[in-house]
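Please read the structure below before turning to the comments.
What follows is calculated from the coordinates using simple rules that are stated; it is not laboratory data. These numbers were taken from a predicted model, which means no experiment stands behind them. In this analysis, Cβ positions are derived from the backbone assuming ideal geometry, glycine residues included, and neighbour counts consider all displayed protein chains.
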Amino acid sequence: MNRVPRWRVAAAAGILASLAGLLAVLSPAYFHNLDLQNYVTTLTRDEAERSAPDEEFRRRIVEKARELHLPVAAENVRIARGEDGSLEHVDVRYFVDVNLPGYTVKLHFYPGAASH
């Protein structure tokens, strides 16, 4: 029977540990983005919320993003309304910088929702 050298086992364990560490560092941003996406979708589906003025709508989204520790400003929230003033689509664009040893990753997020 051929045995695997110990250095290969150690290298594989090191790689797996590095990947687990990377996942632990990056996943909070993705989970917070998912929470924001769900919130935006809920807002656009609620009839009472859809009729709110754009600035109020933006304020609510920015406030929720702040609760989630996401760097979303009012200018990152784009609201599209139809000719009749009805809400058609909401887009939120923002970036999250994640600092890794020796490197910074800029994650781009684009949560949005249509009111249909």
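Across region 3-17, coupling constants 3J(HN,Hα) worked out from phi with the 6.51/-1.76/1.60 Karplus curve, θ = phi - 60°, read 8, 7, x, 4, 5, 6, 5, 5, 5, 5, 5, x, 5, 5, 5 Hz, and Gly and Pro carry x.
Grab the beta carbon distance between Asp35 and Glu83, set R0 = 35 Å, and tell me the FRET efficiency rounded to 0.05.
0.60
Rounded to the nearest 0.05, what FRET efficiency is calculated for Phe95 and Val9 with R0 set to 41 Å and r the Cβ-Cβ distance?
Numbers: r = 39 Å, r/R0 = 0.95.
Calculated value: 0.60.
Here the 3J(HN,Hα) profile of region 18-33, calculated from phi with Karplus coefficients 6.51, -1.76 and 1.60 at θ = phi - 60°, is 5, 5, 5, x, 4, 4, 5, 7, 7, 4, x, 5, 5, 5, 5, 4 Hz, Gly and Pro shown as x. For region 82-87, the Karplus equation 6.51 cos²θ - 1.76 cosθ + 1.60, evaluated at θ = phi - 60°, returns couplings of x, 4, 8, x, 6, 5 Hz by residue, with Gly and Pro reported as x. Applying a DSSP loop filter and a limit of 14 other Cβ atoms within 10 Å to the GluC sites (Glu not before Pro) in region 22-116 leaves Glu83.
Build a GNM of the chain with springs between Cα atoms under 10 Å: which of Leu19, Leu34, Leu68 gets the top mean-square fluctuation? So, out of Leu19, Leu34, Leu68, the one fluctuating most is Leu19. If the elastic network links every pair of Cα atoms under 10 Å, which of Gly21, Gly82, Gly102 fluctuates the most in the Gaussian network model of the chain? Comparing Gly21, Gly82, Gly102 in the GNM, the peak value goes to Gly102.
Out of every Cα pair in region 1-62, what percent are spaced more than 18 Å from each other? Value for region 1-62: 61 percent of Cα pairs lie more than 18 Å apart.
Can you give the angle from 0 to 90° between the axis of helix 54-67 and the longest principal axis of the chain, with both taken from C-alpha atoms, to the nearest 10? Between helix and principal axis, roughly 30 degrees.
Over all alpha-carbon pairs in the chain, figure out the percentage whose distance exceeds 17 Å. Show your work: numbers first, answer last.
Details: 4114 of 6670 pairs.
For the chain, the fraction of Cα-Cα distances above 17 Å is 62 percent.
For Leu22 and Arg66, a Förster radius of 30 Å and the Cβ-Cβ distance give a FRET efficiency of 0.70, rounded to the nearest 0.05.
What length, rounded to one decimal in nm, is gained on full extension from Ala114 through to Ala74, with 0.36 nm per residue of separation minus their alpha-carbon distance?
On the way: separation 40, 0.36 × 40 = 14.40 nm, distance 1.86 nm.
Additional length available on full extension: 12.5 nm.
Remark on Arg81: its backbone amide H falls under 5 Å from those of Glu88, a criterion applied only to residues 5 or more positions apart or on other chains, H modelled at 1.01 Å from N. Between Tyr94 and Phe109, the built amide H atoms are under 5 Å apart, and every one of these is 5 or more places off in sequence or on another chain. Comparing Ala12, Ala24, Ala80 in a Gaussian network model of the chain (Cα springs below 10 Å), the most mobile by mean-square fluctuation is Ala12.
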